[in-house]
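Everything on this sheet refers to the single structure shown next.
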Amino acid sequence: MRIDPRSPAHLNTIAQEIRELANGLTLFTHNTPETAAFTAGARMKALGSITETLSNTLLYNLSGEPSTDRTERRGAGALATAAAGASQAMGHLAEALQQVAFLQEHATRMPGPDLADAQQAAWNVIGDRLDEARTALEETATQLESDSRHLTQPPRRPAPRRAVPTAQAQRPPTPVSVPTAPRRRHAP
């Protein structure tokens, strides 16, 4: 899919795809490393596809001379912000997968209290990272939707200047007529 940064509809489509990835991004009560890997891995793969589309669009729109189209520049900025949020979510998903790898690596070890504590800590980290990824995706989608609403708004114009009274100390001195002929003093 090619994204036109000037199109609010395109930005909203990307926001909807990101929001759909956030939905259901949570651990279930009965998890296995395989379900956690699928939960994080499938979303990371889909997010990678979205990120690739965003980066291709940004590369095309931000290399070379800046566009003279204000809407296009604003849209490119919105997409760059979305790419940053998507990348942050991918980092969280990668950290969750790192913990799944730990669980898989130690799955055949002899059970013991230390292993049980380490496994519980890994599950806690997985849950936290999935929550953080979901939050990052939701915030990214919300920001992109907001940016798409403001994409085509006219630029704000400054309020017209009004004559503001100048303080007395700032006013130029009022000319006073000064006699040019010398004055005579009266004798006492």
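Each row is one residue, and each column tells you yes or no for (1) more than 24 Å from the chain's Cα centre (by Cα); (2) crowded, with 17+ Cβ neighbours inside 10 Å.
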site	(1), (2)
N61	no, yes
T71	no, no
G85	no, yes
V100	yes, yes
M110	yes, no
A116	yes, no
Q119	yes, yes
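When region 97-119 is filtered for residues that are hydrophobic (A, V, I, L, M, F, W, C) and within 18 Å of L130 (Cα to Cα), the ones remaining, listed by number, are L97, V100, A101, F102, L103. Take the conditions (1) more than 24 Å from the chain's Cα centre (by Cα); (2) free of Cβ contacts under 8 Å to residues at least 60 places away in the same chain; A80 misses just one of them, which is (1).
Working carefully through the options A133, A76, find the one that is at pLDDT 95 or above, among the small types (G, A, S), crowded, with 18+ Cβ neighbours inside 10 Å and part of a helix (DSSP H, G or I).
Details: A76 fails: at pLDDT 95 or above.
Exactly one of A133, A76 is at pLDDT 95 or above, among the small types (G, A, S), crowded, with 18+ Cβ neighbours inside 10 Å and part of a helix (DSSP H, G or I), namely A133.
Scanning region 33-59 for residues that are closer than 17 Å to I14 by Cα and among the hydroxyl-bearing types (S, T, Y) yields S49, T51, T53, S55, T57. Evaluate region 94-101: report whether one residue or more is in contact with a helix residue (DSSP H, G or I) (Cβ under 8 Å, 6 or more places away or on another chain) and within 26 Å of L62 (Cβ to Cβ). Yes, there is a match, as at least one residue in region 94-101 is in contact with a helix residue (DSSP H, G or I) (Cβ under 8 Å, 6 or more places away or on another chain) and within 26 Å of L62 (Cβ to Cβ).
The values are calculated or read from the model by the stated rules, or taken from the named source; none is laboratory data. Note that this is a predicted model, so its numbers are computed, not measured. Quick reminder, even Gly has a Cβ in these numbers, built from the backbone with ideal geometry, and neighbours come from all protein chains shown.
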